[in-house]
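I have placed the structure first, in the form of structure tokens, so that the comments after it can refer back to it.
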Amino acid sequence: MGARGKFQISVLAALFLLCGILGCAQSFYPSVHAFKQDKRAKVIDKIRSAKNSEVSAKKQFSATIKTLSSVDVSRDKKSNKVKRQLEADLNKCGQKATSFIKRIATVENATKEFLRDWEDELDLFSNEKLRRASELKLEKTRQQCEEVVHLMKSAGGKIEPAIIALSDYLLFLKHNLSSYTATSLEEEMSVAVNKTNEVIATMDASIVVAEKFITILSSEI
């Protein structure tokens, strides 16, 4: 075999080797990308689910405030009906709040897993410039994730004091109304209302941030 023939064989061998390497790369990087997108989609799903649960809980607390404001301390004929409605509202608040709080944990777990895997993938870069860009994006996303979780936890932390205040007020209405002055009763109601309004305000802020973050993550899929 002449030199030209040997050269052609060497070129073909190199081409086959190159195609093999590229084939591996093409099969590897899309799989990494798909894996990352699945994690991102999971985060979006968990945040959206928690946010929707939070919206539902907020609406119920708002409805409870409305019922509370209709309590007539002059003890007219409607008072018993209002008490029953307040008790039903309070039970619903507890149920919806429990559902929301459970979902906060799923958001936290999903975001931690997503961020951890993203951080691990930084070691796959051979281009330092691209690696640094991805790392900066990761840190920004981490801050956004932490803000979402922090605000949800903050809202969740205000729920128990509000429910306790509402429960105490309801218990007193049911058994001790005749022994309490109207002014004092209104003061106690004000405490329950203020604590419930704190829950609603914190939930409002949390919902806005969650919706904004969902939009950002969804645009990157």
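No lab work stands behind these numbers, since they all come straight from the coordinates. It should be emphasised that the depicted structure is a prediction, and the values quoted were computed from it without experimental measurement. Cβ sites come from the backbone with ideal geometry, for glycine too, and all protein chains shown count toward neighbours.
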Quotient of C-alpha Rg and 2.2 N^0.38 Å, computed over segment 43-123: 1.68
Segment Thr98-Ile164, extension gain: residue separation times 0.36 nm, minus the distance between their alpha carbons: 22.3 nm
Relative compactness, segment 78-220, computed as alpha-carbon Rg over 2.2 N^0.38 Å: 1.54
FRET efficiency, 1/(1 + (r/R0)^6) with R0 30 Å, evaluated for Ala201 and Asn80 via beta carbons: 0.45
